[in-house]
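J.: This structure is in structure tokens; I'll ask about it shortly.
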Amino acid sequence: MKKLLWIGGAVVAVFIILIVIQNMGQSQQLENNTQYDTDDLDSATIDQLDDPNYQNIIMPDDLEEKLANGEDAIVYFFSPVCSYCKEATPVLMDVAGDEDITVDQYNVLEYDSAAYNIQSTPTLIAFENGEEVRRVVGNQPPETFRAFLNGEEAPSS
């Protein structure tokens, strides 16, 4: 019985140590957070802070202001816990880089997106003069993202 208690205690201690190490790592990532205006972030968002594919985060107030001023924008609505977003983001950001087009990234896990009628992620919306002109939903092939970013008709499959 004593042996069982020692083993159980060791297992609990290992779990506690792992949790402390993970929290220390996330705290260190939060110290370098320049993308978000809060430190109260979901752990999935914290894990993406250093990911080069998620470096153009736009805050809700900044997006509202941009659109209210009648500016053009391409906004990528994503969630760090969305498996389709994890597949689509590197493809989209590579295409955007190739086309030299800025894509603002809006994290729907952290911020409300109801004003933009986001039903699922990923969703990519083009705004011209502050108004939505087109959108594409779901993980898409590079050709579809390229056409969308350039304002062209998406190639048929």
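J.: Please find, within the stretch 37-51, the residue that is most open to solvent (accessible area, probe 1.4 Å) out of those that are assigned to a helix (DSSP H, G or I) and free of Cβ contacts under 8 Å to residues at least 24 places away in the same chain.
T.: Ser43
J.: In the stretch 52-84, which residues are in contact (Cβ under 8 Å) with a residue 60 or more places away in the chain, surrounded by 13 or more Cβ atoms within 10 Å (Cβ to Cβ) and among the aliphatic types (A, V, I, L, M)?
T.: Leu67, Ile74
J.: If Ile101 passes every condition in (1) open to solvent by 20 Å² or more (accessible area, probe 1.4 Å); (2) over 19 Å from Tyr54 (Cα atoms) but one, which one does it miss?
T.: (2)
J.: Those residues that are assigned to a loop (DSSP other than H, G, I, E, B) and within 18 Å of Ala44 (Cβ to Cβ), I need them from the stretch 70-106; list them, please.
T.: Ser79, Pro80, Val81, Cys82
The values are calculated or read from the model by the stated rules, or taken from the named source; none is laboratory data. This is a predicted model, so every value here is computed, not measured. Note that we place each Cβ from the backbone using ideal geometry, even for glycine, and neighbour counts take in every protein chain shown. Calculation scope for accessible area: heavy atoms of the full protein, side chains included, ligands and nucleic acids excluded. Shrake-Rupley method; radii C 1.70, N 1.55, O 1.52, S 1.80 Å.
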